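**Q** My questions will all concern the structure given below.
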Amino acid sequence: QVQLVESGGGLVQPGESLRLSCAASGIIFRLYALGWYRQTPGKQRELVAAITSGGTANYADSVKGRFTISRDNVKNTVYLQMNSLKPEDTAVYYCNANRTNLRFWGQGTQVTVSS
């Protein structure tokens, strides 16, 4: 059974940082591309950051220079380091693992940026 379990969300003030983690089980982790998406009520889920199985990362323009995605193929975990958080980063963040026609999602973790 495949499981992706996110953690690390919470309430922070503008300018602060958070690190999200997503621990995977039930897949050959190193073979999968991984991504972090976010969604707010009434809007489509959007890609925030992604990292290939080879370690190449790409980012949405809105988070470039502030967020960093990384992966640990020993711990089967993908991370999202979020710095200089803004109120518009408030959303539910989901991790995703995909390979060819296989795609798996976590349950999401809430990030709220507010003063």
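**Q** In this structure, does Arg45 turn out to be closer than 16 Å to Val92 by Cβ and open to solvent by 40 Å² or more (accessible area, probe 1.4 Å)?
**A** Here the answer is yes, as Arg45 does meet what is asked.
**Q** While we're on this one: List the number of the failed condition for Gln1; all other conditions in (1) exposed (fewer than 13 other Cβ atoms within 10 Å of the Cβ); (2) of a type in the set (S, T, N, Q); (3) within 12 Å of Asn76 (Cα to Cα) hold.
**A** (3)
**Q** Does the range 1-32 hold any residues that are over 12 Å from the mean Cα position of the chain (by Cα) and in a strand (DSSP E or B), and which are they?
**A** Gln3, Gly10, Leu11, Val12, Ala24, Ser25
**Q** A further question on this structure: Sort out which residues of the range 73-103 are among the small types (Gly, Ala, Ser), within 14 Å of Leu4 (Cα to Cα) and open to solvent by 40 Å² or more (accessible area, probe 1.4 Å), and write them in order of number.
**A** Within the range 73-103, no residue meets the criteria.
**Q** In the range 81-115, which residues are part of a loop (DSSP other than H, G, I, E, B) and hydroxyl-bearing (Ser, Thr, Tyr)?
**A** Passing the criteria: Ser84, Thr90, Thr100, Ser114, Ser115.
**Q** Another question about this same structure. Looking only at the range 19-32, which residues are open to solvent by 30 Å² or more (accessible area, probe 1.4 Å) and not charged (D, E, K, R)?
**A** Once the filter is applied, which keeps residues that are open to solvent by 30 Å² or more (accessible area, probe 1.4 Å) and not charged (D, E, K, R), the range 19-32 yields Ala23, Ser25, Gly26, Ile28, Leu31.
**Q** Please determine, by comparing only the residues of the range 5-17 that are among the hydrophobic types (A, V, I, L, M, F, W, C) and either closer than 12 Å to Thr90 by Cα or modelled with pLDDT under 95 (or both), which one is least open to solvent (accessible area, probe 1.4 Å).
**A** Val12
The values are calculated or read from the model by the stated rules, or taken from the named source; none is laboratory data. Just so you know, these numbers come straight off a predicted model, no measurement behind them. All Cβ positions, glycine included, derive from the backbone under ideal geometry; neighbour counts span all protein chains shown. Protein only, heavy atoms only, side chains kept; ligands, DNA and RNA dropped before computing areas. Shrake-Rupley method; radii C 1.70, N 1.55, O 1.52, S 1.80 Å.
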